[in-house]
Amino acid sequence: MTLTIDDVVVRYGSATAVDRVSLSVHSGEVVALLGPSGCGKSSLLRAVAGLEPLAAGSVRWDGSSLAGVPVHRRGFGLMFQDGQLFAHRSVSGNVGYGLPRGASVDALLDLVGLAGFGGRSVETLSGGERQRVALARALAPQPRLLLLDEPLSALDRTLRERLAVDLRAALVATGTTALFVTHDHDEAFAVADRVGVMSGGRLLQVATPTDLWRSPASREVASFLGYEAFVHASAQAAAPLREALGSRLEDDATIALAEGAFVVGRAGVAKGTVTGVASRRGRSEVRVEVDGIGAVTALGPVGGRWATGDVVELGVEPDALAVLPL
């Protein structure tokens, strides 16, 4: 069973929200659409659901066109940011709504980490617990495709990170095929088998999280993923980066540097001048101006002390480097 999106266009009046996007999602696979607000990812999801008309292209399931098939006949599940739970029902009442005969509410609640919550009112639950109920309810009818539109975005970061891991586990455990929309890189990488990066209504690249991070297809993709500086491989400043990559590079290739490509306090292979220091989530982030490269964010040991103007030795972290295609 495969979802096939072929040259899909979605328009709102004269504005094009989705511009000739093609994508396949295979049985049991979780694919994330990743991009900033307004890039067209939610419009594409809604078009797959049947909530938005296509201006061009087609959506097919297992080879059969879904043109003219209403939302409730597609056999797809939907999960949104606010969960859209029934406030007057208990947790079990929400999950059991539409549950196939013989299926177990308790088993679904256990799957999403809410064992024993069946009798609770949904109005007594935290935001994270409510989204777990929404996930259980979305999985209950055993949809042939689950569509998730920013389901974790209303939660705080620590909770989002934990629920992203649990969401991935639930989808894998049930063998659910899913299309997941998010603007958060960490969520996409934690949940999906493959990630598609969107910008301006276009699908720029689709790859596994590892391949996407190591080999972004363009500078636009690399910049969105968090690569903050770019240097030609032939430049003198790129010498320590070429060595760290451990492979031969074409002279006209471009090396992309993410935050943490340089590390303060590791065996120095380059030097930089400190322009600012901040602490975030238990680590020191040192803004450094490196000759020939520019301003980068180097990582340092917790509690390190640097002042603006200090010249520091920098080591290189290969996992924070990528080579852009020629």
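The values are calculated or read from the model by the stated rules, or taken from the named source; none is laboratory data. Just so we're clear, the structure is a prediction, and the values are computed from it rather than from any experiment. Cβ coordinates were reconstructed from backbone atoms using ideal geometry, including for glycine residues, and neighbour counts include every protein chain displayed. Ligands, DNA and RNA are excluded from the accessible area calculation, which covers all protein heavy atoms including side chains. Shrake-Rupley method; radii C 1.70, N 1.55, O 1.52, S 1.80 Å.
Specify which residue in the list Pro36, Ala190, Thr4 is farthest towards the positive end of the charge dipole of the chain, using unit charges on the beta carbon of Lys, Arg (+1) and Asp, Glu (-1), about the Cα centre.
Ranked along the dipole, the leading option is Thr4.
With n ≥ 4 as the cut-off for DSSP H runs, can you work out [θ] at 222 nm for the chain, using -39500 (n - 2.57) per run divided by the number of residues, rounded to the nearest 500?
Calculated from helices alone, the mean residue ellipticity at 222 nm is -7000 deg cm²/dmol.
If a/c stays under 1.5 just call it rounded; otherwise compare a/b with b/c (prolate if a/b is bigger, oblate if not). Do that for segment 180-326, with a ≥ b ≥ c from the square roots of the Cα gyration tensor eigenvalues.
The shape class here is oblate.
How large, in percent, is the carbon and sulfur part of the accessible surface of segment 1-83 at a probe radius of 1.4 Å?
46
Taking the Cα centre as origin and putting +1 on Lys and Arg beta-carbons and -1 on Asp and Glu beta-carbons, what dipole magnitude results for segment 208-265, to the nearest 20 debye?
On the way: 4 positive and 8 negative charges, 21 e Å.
With only Lys, Arg, Asp and Glu charged at Cβ, the dipole is about 100 debye.
Students often get this wrong: which residues of segment 263-287 have the backbone nitrogen under 15 Å from the point 7 angstrom along Cα-to-C-beta of Ala307?
So the set is 274-277.
What whole-number value in Å² describes the accessible area per residue of segment 105-158 for a 1.4 Å probe?
Details: 2230 Å² over 54 residues.
About 41 Å² of surface per residue is accessible.
Relative contact order of the chain: what whole-number percent is it, with Cα pairs under 8 angstrom and at least 6 residues apart?
Taking the mean separation of contacting Cα pairs over the length of the chain, I get 17 percent.
Heavy atoms only, probe 1.4 angstrom, no DNA, RNA or ligands counted: give me Met198, Met1 ranked by accessible area, highest first.
Met1, Met198
Hey, for a label at Ala56 modelled as a point 7 Å past Cα toward Cβ, could you say which residues of segment 3-45 have their backbone N under 16 Å away?
6-23
Dipole size in debye (nearest 20) for the chain around its Cα centre, Lys and Arg Cβ +1, Asp and Glu Cβ -1?
Here the size comes out at about 920 debye.
Answer with one residue from Pro209, Pro143, Trp306: the one whose Cα lies farthest towards the positive end of the charge dipole of the chain, charges on Cβ with Lys, Arg +1 and Asp, Glu -1.
Selected residue: Pro143.
Could you go through segment 321-326 in sequence order and give the Karplus-derived ³J(HN,Hα) for each residue, using 6.51 cos²θ - 1.76 cosθ + 1.60 with θ = phi - 60°, rounded to whole Hz, and x for Gly and Pro?
Values, residue by residue: 10, 9, 10, 7, x, 5 Hz.
Hey, got the dipole for segment 1-136? About the Cα centre, +1 on K and R Cβ, -1 on D and E Cβ, debye to the nearest 20?
Rounded to the nearest 20 debye, it is 240 debye.
Taking each pair of different alpha-carbon atoms in the chain once, compute 1/r for the pair, average those values, and report the inverse of that mean as the Kirkwood hydrodynamic radius in Å to one decimal.
Roughly 21.9 Å, rounded to one decimal.
From the residues Ser14, Ala278, Ser90, which one has its Cα farthest along the dipole of the chain in the positive direction, the dipole being from +1 and -1 charges on Cβ of Lys/Arg and Asp/Glu about the Cα centre?
Value: Ser90.
What net charge do the residues around Ala87 carry, taking every other residue with its C-beta under 11 Å from that of Ala87, with Lys and Arg at +1 and Asp and Glu at -1?
Net charge around Ala87: +1.
In nm, what is the difference between 0.36 nm times the number of residues separating Glu243 and Glu289 and their Cα-Cα distance? Walk me through the intermediate numbers first.
Values: separation 46, 0.36 × 46 = 16.56 nm, distance 2.04 nm.
14.5 nm is the gain from fully extending Glu243 to Glu289.
Where both partners of a DSSP beta bridge lie in segment 110-225, what percent of those bridges are antiparallel, to the nearest 5?
Values: 5 of 9 bridges.
Antiparallel bridges: around 55 percent, rounded to the nearest 5.
Using a Förster distance of 22 Å, how high is the FRET efficiency between Arg202 and Tyr12, based on the Cβ-Cβ distance and rounded to 0.05?
0.85
Taking the 0 to 90 degree range and rounding to the nearest ten, how far is the long axis of helix 157-174 tilted relative to the main principal axis of the chain, both from C-alpha atoms?
In the chain, helix 157-174 runs at an angle near 50 degrees to the longest axis.
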